[in-house]
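Accompanying notes for the structure given below.
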Amino acid sequence: EDLAAFLAEHKVQVVASLPCYAESNVDEQRGRGVFERSIKGLQLLNSFGYGVEGSGLELNLVYNPNGVFLAPEEKKLEEAYKSELSKCYGITFNRLLCLNNMPVKRCLSCSTVLSPSLSLPLSLPPPLS
C-alpha cells in the first residue's frame, strides 16, 4: 500500500506486465499464484485512482506472448482485456501495449518455426559507444 500511495502522490505512470487475463495462462508462464498477486496489485492501484477515467493516474498493461508467435491486433486484445478484467475483477486500466519477442538464444529449438533457413547462433552488432 505504501508504494501505491507514493506512486499516486507523485503521479507516476504505471506500466505493468500481465501476459493474459486468464489465470491458467499467467500461472503457466510466470508461476503458480502470480496471477492472483497481479490481480490484487492492480486492484490496489485502482483503489488509489490508477486506471480510473479522469483521475490523471495512468495504468497501462503489457501483453507479451509466450512462445514463437506474434501478438494479436492490439485494439481487439485491449477490448478483451478491459472486458474480462472489469467483469471478473472490477479492474480498469488505460491502455494495453502489445510486445513481440525475438527469441535470441532462449528458443533455439524454435528457429525453424521462424525461418527454416535461419542459421543460429545469431551475430549481434557491436555495442554503441
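The values are calculated or read from the model by the stated rules, or taken from the named source; none is laboratory data. Since we're looking at a predicted model, the values are computed, not measured. A quick note on method: Cβ atoms are made from the backbone with ideal geometry, for glycine too, and the neighbour counts reach across all protein chains shown. Surface areas here come from the heavy atoms of the whole protein model, side chains and all, with no ligands, DNA or RNA. Shrake-Rupley method; radii C 1.70, N 1.55, O 1.52, S 1.80 Å.
Loop-only GluC sites (Glu not before Pro) in the stretch 55-100, please: DSSP not H, G, I, E or B, and at most 12 other Cβ atoms within 10 Å. Please report the intermediate quantities before stating the final value.
Values: sites: 58, 73, 74, 78, 79, 84; in loops: 58, 73.
When the GluC sites (Glu not before Pro) of the stretch 55-100 are filtered for loop state and at most 12 Cβ neighbours within 10 Å, 73 remain.
Loop-located chymotrypsin sites (Phe, Trp or Tyr not before Pro) across the stretch 1-75 with a Cβ neighbour count of 15 or fewer within 10 Å are 69, with loop assigned by DSSP. With all protein chains kept in place, the per residue accessible area of the stretch 5-61 amounts to 57 square angstrom at a probe of 1.4 angstrom.
Stretching the chain fully between residue 97 and residue 80 yields a gain of 4.8 nm (0.36 nm per residue, less the alpha carbon separation).
Loop-resident trypsin sites (Lys or Arg not before Pro) (DSSP state other than H, G, I, E or B) in the stretch 6-79 with no more than 12 further Cβ atoms inside 10 Å of their Cβ: 11, 32. On the stretch 14-79, 49 percent of the accessible area sits on carbon and sulfur atoms, based on a 1.4 Å probe.
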